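Here is the structure we will look at, set down as structure tokens.
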């Protein structure tokens, strides 16, 4: 009865238009007040505990780093470097856009930020060179999802906080799948470009390549600082986020000088708004997860799954279906905070590695970001290009088959996700 009320209350509130964060908090609070022996004061305590969760402190810092990198013209220099590397290949501008998304993903930790930063420059460049605008929008929308798969990733930080797994190990587990997905997109673009005879840029000379690399090196160094610092043990992922924010501000203000000290309050305000919005969702989702835990709902569901004799491959299939449906309607962090506490104990019981489960959930969230009606990347791409959302959806749909195929491979070949962390002895 408690489980039924909790989830019915959540979906009814969302259906009548109550914001997701408020729906999560209200559903959890009502369940505690009506069914639980737990004190209502526990709700306030849980909200306070969420606000001081050390792992979650990484989120505002990564968002701030991404804001400085986006505003400070780093994306433009990364795109120039990517074009110097692969622009001469048939369809090279589109392939360069994917490479730029991969590089920017390793700086920002956010998918929408990657689409906004790269898309605003790359799509316009593709259109000027003779590419269809819809083709460019579809590519950047899909490649932008790498923002949450290639480390650092805000969504991985949320999963780590919800399940108490290692953020550093999750980051390393995302590297190989991220490169694989980026590579698959590039190969698909090349095949289409050859068939449609899409244009290519003149081959960059070694001097031009060196010049582009020199300009982009300050942005590229951030990847080395974050991942190198975490792996070497120099600092924790949360400390890495703080270092990234300070470094990004320094590069934007004093190296590239694309923004002035006068612009800093605006950048801080924008990243602050985004941080508050995300942390409010996370706080209410943590409250919802607290109700799940106190009422022992995950344990009850785990026992039911074990009794039903569900095999690991069947469980993972069900997980993917549930996450794909949820991803079409909800924000990734909220989905992970609601479902991770339920799925995590079942996965452990069935012998599924928690890091592997985390990467599966992140890839599902990637697909959710480009799935209507609530896919955030669709709206960002629409704002960047001026195209109606319906046109962006049509541009993205042909690439969904590739994303779903990639999801199947990641789900049933765990060594792809676990090889690098195991190799590094994490």
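Using Stokes-Einstein with the Kirkwood hydrodynamic radius over Cα pairs, what translational diffusion coefficient do you get for the stretch 269-426 at 10 °C and a viscosity of 1.306 mPa s, in µm²/s rounded to a whole number?
92
Contour minus end-to-end for residue 423 and residue 224, with contour as 0.36 nm per residue of separation and end-to-end as the Cα-Cα distance?
Value of the extension gain: 69.8 nm.
How much length is gained on full extension from residue 129 to residue 308, taking 0.36 nm per residue of separation minus their Cα-Cα distance?
Working it through step by step, the gained length comes to 58.7 nm.
For residue 348 and residue 318 in one chain, what is 0.36 nm times their gap in residues minus the Cα-Cα distance, to one decimal in nm?
9.2 nm
Roughly what would the spin-label model give for residue 269 and residue 300, points 7 Å off Cα along C-beta, in nm?
Result for the modelled spin labels: 4.8 nm.
Just check the stretch 132-243 against the gyration tensor rule for me: Cα atoms, a ≥ b ≥ c as the square roots of the eigenvalues, rounded for a/c under 1.5, and otherwise prolate or oblate depending on whether a/b exceeds b/c.
Oblate shape, in that a/c is at least 1.5 and b/c is the bigger or equal ratio.
Enter the Cα centre distance for the pair the stretch 163-189 and the stretch 35-96, rounded to the nearest angstrom.
15
With each run of n ≥ 4 DSSP H residues scored as -39500 (n - 2.57), what mean residue ellipticity at 222 nm is computed for the chain after dividing by its residue count and rounding to the nearest 500 deg cm²/dmol?
Here the helix-only value at 222 nm equals -25500 deg cm²/dmol.
For the stretch 353-394, what value does the Rg/Rh ratio take when both radii are computed over Cα atoms and Rh is the Kirkwood radius, given to two decimals?
Over the Cα atoms of the stretch 353-394, Rg/Rh equals 1.18.
Which FRET efficiency value, to the nearest 0.05, do you get for residue 400 and residue 206 by plugging their Cβ-Cβ distance into 1/(1 + (r/R0)^6) with R0 = 35 Å?
0.35
Which order do the peptides 142-148, 126-132 take when ranked by the mean count of other beta-carbon atoms within 10 Å per residue, highest first?
142-148, 126-132
Can you run the Rg to Rh ratio on the stretch 216-306? Use alpha carbon positions and the Kirkwood inverse-distance Rh.
1.20
Got the relative contact order for the stretch 2-423 handy, in percent, Cα pairs under 8 Å and 6 or more residues apart?
About 24 percent, as a whole number.
Peptides 229-235, 80-86, 37-43: what's the order by average Cβ count within 10 Å, highest mean first?
Ranked from most to least packed, the peptides come out as 80-86, 229-235, 37-43.
What's the ranking of 28-35, 15-22 by average number of surrounding C-beta atoms within 10 Å, highest first?
Most protected by this proxy first, the peptides run 28-35, 15-22.
Hey, rough spin-label estimate for residue 44 and residue 408, points 7 angstrom out along Cα→Cβ, what's it come to in nanometres?
Between residue 44 and residue 408, the simple spin-label model gives 5.3 nm.
Report, please, the projected area of the chain averaged over directions, based on the convex hull of its C-alpha atoms, in nm².
Hull-based average projected area comes out at 20.9 nm².
Under a crude label model (7 Å from the Cα following the beta-carbon direction), how far is residue 4 from residue 239 in nanometres?
5.2
If you average the C-alpha positions of the stretch 360-393 and of the stretch 221-257 separately, how far apart do those two centres end up, in angstrom?
When both Cα centres are located, 29 Å separates them.
A short reminder: the numbers here are calculations on the coordinates, not readings from a lab. Quick caveat, the model's predicted, so the values are computed rather than measured. All Cβ positions, even for glycine, are placed from backbone atoms using ideal geometry, and neighbour counts span all protein chains on display.
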